[in-house]
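Peer 1: Sharing a structure, written as structure tokens. Questions coming.
Readers should treat all values here as calculations from the given coordinates under stated rules, not as data from a laboratory. All values derive from a computational prediction rather than experimental measurement. We place every Cβ from the backbone using ideal geometry, glycine too, and count neighbours over all the protein chains shown.
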Amino acid sequence: MSEPSFSDDTLLDGRVKIRQPTDGYRVAVDPVLLAAAVSAKSGQRVLDVGCGTGAAMFCLAARVTGVDVTGIEIQPALAKFAEDGIARNNFGARARVVTGDLMALPDIVCATAFDVVMTNPPYGAEGTVSPKESVAQAHHEREVELQDWLTACLKLLKPNGRLAVIHRADRLSDVLAAVRPHCGDIHIIPIYPKPGQPARRVIVEAGKGRKTGDTLTPGLVLHAPDGSFTLEAARILRDGQGLSEAL
């Protein structure tokens, strides 16, 4: 079987290198925003569930010196691209990728309790199933319910660890229903395409075992009316700042 064709691309204005297939799953802004929402510290261990080609874990590792990142990805081809990215970014001492299924995790993952779990859970574009098999599988669209996905993520967290999720805004109630029985101190950050438009994405960041109430934070507007990135979005997507810092 021939190797899948790929392109070598960059994120964060060239600070992060990614290798990704030319056809099928391609990185958009979601994993960059997810990484920006994580408040990990040097020395902490972070798991990226459904890491794809590694965009979120690489962006986090580039921003937080000394953070240890593990990715789990079900598709061997995408996991291989993520492994290539680890080498290209010189993250070998503090990054690794495990090929496996979240719902049947390898022992190497189950044996570790993580300080942070970040994830971009299963969904298709605007709720539809992608006609491209690789994209559909990347999101587990036909296989894993959102609540089951998030429950499995929470099991991998330490007590008081943090879960960070980016998802469609119209699934916010479903995300909260899955998270609330186990978490508190829930921060909800809406992501708006342009001023005056409804949020299309939302980030939920929560503490396992915490009892503090919810916080609805100021939202992030991605684009100005002329289509250019807003100053806040550029600070995240180009300069590599954390979400709270950029806002």
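Peer 1: Note the full-extension length gain between HIS223 and LYS194 as 0.36 nm times their separation in residues minus their Cα-Cα distance, in nm to one decimal.
Peer 2: Taking HIS223 through LYS194 to full extension adds about 9.9 nm, to one decimal.
Peer 1: Let me ask another. Using the crude model of +1 on Lys and Arg Cβ and -1 on Asp and Glu Cβ, and no other charge, please compute the dipole size for the stretch 186-243 relative to its Cα centre, in debye to 20. Mind dumping the intermediate values first?
Peer 2: On the way: 8 positive and 5 negative charges, 48 e Å.
In total the dipole reaches around 240 debye.
Peer 1: Let me ask another. Tell me, what is the percent relative contact order of the chain, built from C-alpha pairs under 8 Å that lie six or more residues apart? Please report the intermediate quantities before stating the final value.
Peer 2: Working: 535 pairs, mean separation 45.2, N = 247.
Relative contact order of the chain: 18 percent.
Peer 1: What FRET efficiency comes out for the pair ILE108/ALA234, r = Cβ-Cβ distance, R0 = 51 Å, nearest 0.05?
Peer 2: Taking R0 as 51 Å, the efficiency between ILE108 and ALA234 is 0.85.
Peer 1: Which lysines, on any chain, are close to LYS80 with Cα under 16 Å apart, when same-chain ones fewer than 8 places away are left out?
Peer 2: Within the straight-line limit of under 16 Å, LYS80 reaches these lysines: LYS17.
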